[in-house]
Amino acid sequence: MKQTVAIKQPHLFRRAYAKGKSAVTPTVVLYARKNGQSFNRLGLTVGTKVGKATVRNRVRRRLKESYRLREGTVKQGYDLVIVARTAAAEARFALLDRHLASLLKRLELLA
């Protein structure tokens with residue numbers, strides 16, 4: 001994540017949920033909102049419904065890697081929040097990667 005900064009403040013997550021555009025797949029939800037910066041900020045949310053800590057961490061790592069592989073093609077200047085759904089726990093990396101790619105395309109975030 002060279003060009004991307006992590007979102008850690010709760011108010012940035014809430015702002016993305018409330019005012020951002022969203023798109024949904026069975027495994028992942030993506031919220032995107034312009035941030036007025038020259039770089040992207042990425043936040044990941046994996047709730048306890050997804051599974052125990054090891055499962056949540058595995059899902060988080062897979063989503064982060066999927067984003068990292070596409071980072072060069074994503075438009076700059078957005079806050080992106082990726083929310084894992086319960087089906088993400090059972091999904092293979094290829095499916096998560098395909099779903100994230102389709103969400104970025106649907107929200108017109110690919111350069």
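The values are calculated or read from the model by the stated rules, or taken from the named source; none is laboratory data. Treat the numbers as computed from the prediction; the structure is a model and nothing was measured. Please note: Cβ atoms are built from the backbone with ideal geometry, for glycine as well, and neighbour counts cover all protein chains shown. The accessibility values were calculated without ligands, DNA or RNA, using every heavy atom of the protein model including side chains. Shrake-Rupley method; radii C 1.70, N 1.55, O 1.52, S 1.80 Å.
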Test result for Lys49, in contact with a Leu (Cβ under 6 Å, 6 or more places away or on another chain) and charged (D, E, K, R): no
Looking at segment 70-111, which of its residues are under 11 Å from the mean Cα position of the chain (by Cα) and among the β-branched types (Val, Ile, Thr)? Val81, Ile82, Val83
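Being β-branched (Val, Ile, Thr), in contact with a Leu (Cβ under 9 Å, 6 or more places away or on another chain) and assigned to a helix (DSSP H, G or I) narrows it down to one of Val59, Val5, Val29, so name that one.
Being β-branched (Val, Ile, Thr), in contact with a Leu (Cβ under 9 Å, 6 or more places away or on another chain) and assigned to a helix (DSSP H, G or I) holds for just one of Val59, Val5, Val29, which is Val59.
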Looking at (1) within 19 Å of Leu110 (Cα to Cα); (2) of a type outside the set (Lys, Arg); (3) over 12 Å from the mean Cα position of the chain (by Cα); (4) open to solvent by less than 20 Å² (accessible area, probe 1.4 Å), can you tell me which one Val50 breaks? (1)
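Please verify whether Lys34 is within 17 Å of Val5 (Cβ to Cβ) and open to solvent by 70 Å² or more (accessible area, probe 1.4 Å), treating the condition exactly as stated.
yes
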In segment 67-88, residue least open to solvent (accessible area, probe 1.4 Å) [restricted to those that are hydroxyl-bearing (Ser, Thr, Tyr), in a helix (DSSP H, G or I) and closer than 16 Å to Ala111 by Cβ]: Tyr67
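Residue-by-condition table, conditions (1) open to solvent by less than 20 Å² (accessible area, probe 1.4 Å); (2) farther than 23 Å from Leu110 by Cβ:
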site: Lys8; (1), (2): no, yes
site: Lys21; (1), (2): no, no
site: Leu42; (1), (2): yes, no
site: Arg56; (1), (2): no, yes
site: Glu65; (1), (2): no, no
site: Arg92; (1), (2): no, no
